[in-house]
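Working notes for the structure below.
Read-outs throughout are calculated quantities, based only on the coordinates presented, and are distinct from any laboratory measurement. Not measured: the values here are computed from a predicted model. Reconstructed Cβ throughout: ideal geometry from the backbone, glycine too, with neighbour counts over all protein chains shown.
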């Protein structure tokens with residue numbers, strides 16, 4: 001049985017997609033030079049050089065990089081190296097990717113939309129805010145609690161994170177809760193005063209930005 005296309009890059013994205021597609025794709029290292037169509041699942045800094053080696057037959061996965069003449073597909077998710085249920089996950093499409101690669105993503109449940117190249121930095125910044133920065137906030141909260149000697153039982157902050165995401169997914173803006181939504185000024189002031197200046201600034205600015 002032949003290979004439909006290859007994935008260059010053994011990071012979490014490459015491994016996750018290869019696990020989902022199975023034997024129809026080849027998962028290769030950065031230095032491989034396969035025939036046929038290629039997905040570049042590599043860091044942004046490596047895309048330009050690699051793309052020049054596969055002219056007209058590659059697509060990269062960067063949500064931020066605009067590389068003239070090279071199409072991109074950006075799955076709006078966080079990969080962990082394993083196949084997951086990606087039904088309903090947005091897939092940003094910039095340029096004209098190889099048809100069979102786009103179709104392969106769609107068969108996994110990704111929903112494609114046109115992502116204009118000039119809007120990619122804004123789009124990616126929003127993705128970072130909602131993913132990487134969100135994770136930083138949860139890790140920061142855990143660190144602050146631990147430094148104060150508070151050890152949460154069970155799954156710690158995870159149930160709160162999951163419930164928050166579920167409420168947002170179901171209710172949108174109305175799913176946001178807390179003292180800033182209720183305009184509970186006394187609680188906000190007391191909470192802010194308990195934080196060191198750096199975290200106090202983050203706490204107040206984030207709470208009031210929307």
Report the far tail of the P(r) of the range 121-208, meaning the percent of Cα-Cα pairs longer than 24 Å. 25
Principal-axis tilt of helix 197-208 within the chain, Cα atoms, nearest 10 degrees: 80
On the first, second and third principal axes, largest extent first, how far apart are the outermost C-alpha atoms of the range 5-115 in Å? 32, 28, 23
Rounded to the nearest 5, the percent of DSSP beta bridges in the chain running antiparallel is 20
The range 122-210: relative contact order in percent, alpha carbon pairs under 8 Å with at least 6 residues between: 12
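How much length would be gained if the chain were fully extended between residue 66 and residue 162, taking 0.36 nm per residue of separation minus their Cα-Cα distance, in nm to one decimal? Working shown, then result.
On the way: separation 96, 0.36 × 96 = 34.56 nm, distance 3.34 nm.
In short, 31.2 nm is gained.
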Using the alpha-carbon atoms, what tilt in degrees (0 to 90, nearest 10) does helix 158-171 show relative to the longest principal axis of the chain? 80
What FRET efficiency would be calculated for the residue pair residue 119, residue 141, taking the C-beta separation as r and a Förster radius of 45 Å, to the nearest 0.05? 0.90
Roughly what angle does helix 134-147 make with the longest principal axis of the chain, taking Cα atoms, 0 to 90 degrees, to the nearest 10? 40
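Between residue 128 and residue 198, what FRET efficiency follows from the Cβ-Cβ distance if R0 is 25 Å, with the result rounded to 0.05? Mind showing how you got there, number by number?
Working: r = 19 Å, r/R0 = 0.78.
The calculated FRET efficiency here is 0.80.
List the equivalent ellipsoid semi-axes of the range 45-96 in whole Å, largest first, each obtained as the square root of 5λ for an eigenvalue λ of the Cα gyration tensor. If you can, show how the numbers build up before the last one.
Values: eigenvalues 102, 30, 18 Å².
Listed largest to smallest, the semi-axes of the range 45-96 are 23, 12, 10 Å.
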Taking the range 54-210 and dividing mean pair separation by its residue count, relative contact order in percent (alpha carbons under 8 Å, at least six apart): 14
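Per residue of the chain, what 222 nm ellipticity follows from adding -39500 (n - 2.57) for every DSSP H run with n ≥ 4, rounded to the nearest 500?
Details: 9 runs with 90 residues, N = 210.
Here the helix-only value at 222 nm equals -12500 deg cm²/dmol.
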Taking every pair of alpha-carbon atoms in the chain, what share in percent sits in each 10 Å bin, from 0 to the bin with the longest distance? 7, 28, 28, 19, 14, 4, 0
Could you state the number of Å between the C-alpha centres of the range 1-37 and the range 78-94? 16
